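Visitor: Structure in structure tokens, see below.
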Amino acid sequence: MATKKISESVITMTELVLPQHTNQLGNLLGGQLMHWIDICAALCAAKHSQNICVTASVDRIDFHHPIKLGDAVTLVSSVNRVFNTSLEVGVKVYAEKFKEGSKLHSNSAFLTFVSVDSVGKPMIVPPATPETEDEKRRFDEALYRRENRLKDRNK
Ligand SMILES: CC(C)(COP(=O)(O)OP(=O)(O)OC[C@H]1O[C@@H](n2cnc3c(N)ncnc32)[C@H](O)[C@@H]1OP(=O)(O)O)[C@@H](O)C(=O)NCCC(=O)NCCS
């Protein structure tokens with residue numbers, strides 16, 4: 001199976017935080033952000049594999065800074081590593097206030113997707129070759145995270 005470049009399936013998505021996305025303090029709801037993270041990562045997994053991908057797991061997500069009503073939220077997803085039928089996708093979340101010209105890295109998340117056929121049977125994913133130093137680092141770190149995930153799965 002031909003190997004693909006990680007850069008070919010990078011997805012960038014920008015959302016505007018509206019009142020229906022926030023709590024009573026005007027902060028973006030965690031569940032809304034998790035939904036955007038899932039969509040951004042799923043698009044990346046599907047683009048890389050050129051197939052339907054289902055979310056198998058989401059690693060821990062920490063919320064370091066509140067994202068406020070009116071902020072622009074940009075999510076960037078890329079393939080960290082392909083295993084067999086699964087792949088790890090990393091998502092970086094940035095909150096921007098255009099008026100102030102500020103941009104804050106608010107979250108990172110790692111999700112595992114499984115490529116499946118029309119009846120949900122896992123299918124082999126084309127390999128992804130890391131090229132840049134960052135891609136190589138993420139590729140190495142993804143193996144360690146997978147080992148921990150599989151240990152947890154077998155508990
Ligand atoms: C994900 C799913 C396809 C895995 O099916 P399965 O029969 O357990 O498949 P297998 O045991 O053969 O594992 C297939 C791959 O999934 C990976 N996997 C399965 N569960 C996993 C988990 N919880 N976390 C990470 N990877 C997982 C396996 O490591 C394997 O990867 P590999 O082929 O790259 O080594 C199946 O559990 C499923 O359809 N789940 C529901 C998905 C869904 O609806 N998602 C939306 C969530 S609301």
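All of the numbers you see were taken from the coordinates with simple rules; none came from a lab. What you are looking at is a predicted structure, and each value in this text was computed from that prediction instead of being measured. Please note: Cβ atoms are built from the backbone with ideal geometry, for glycine as well, and neighbour counts cover all protein chains shown.
Visitor: Give the residue that is surrounded by the most Cβ atoms within 10 Å (Cβ to Cβ), with candidates limited to residues of region 26-70 that are away from the ligand (no atom under 12 Å from the Cβ) and part of a strand (DSSP E or B).
Guide: 28
Visitor: Could you tell me which numbered condition residue 73 fails, if it satisfies all but one of (1) within 12 Å of the ligand (Cβ to nearest atom); (2) more than 24 Å from residue 133 (Cα to Cα); (3) buried (at least 21 other Cβ atoms within 10 Å of the Cβ); (4) of a type in the set (A, V, I, L, M, F, W, C)?
Guide: For residue 73, the failing item is (1).
Visitor: Return the only residue of 85, 74 being in contact (Cβ under 8 Å) with a residue 24 or more places away in the chain and either under 21 Å from residue 96 (Cβ atoms) or touching a Lys or Arg at 6+ places or on another chain (Cβ under 7 Å) (or both).
Guide: Step by step, each of 85, 74 is checked, and only 74 is in contact (Cβ under 8 Å) with a residue 24 or more places away in the chain and either under 21 Å from residue 96 (Cβ atoms) or touching a Lys or Arg at 6+ places or on another chain (Cβ under 7 Å) (or both).
Visitor: Taking only region 128-146 into account, find how many residues are within 13 Å of the ligand (Cβ to nearest atom) and exposed (fewer than 14 other Cβ atoms within 10 Å of the Cβ).
Guide: Number satisfying all stated conditions: 1.
Visitor: Within region 89-124, how many residues turn out to be within 12 Å of the ligand (Cβ to nearest atom), under 17 Å from the mean Cα position of the chain (by Cα) and of a type in the set (Val, Ile, Thr)?
Guide: 3
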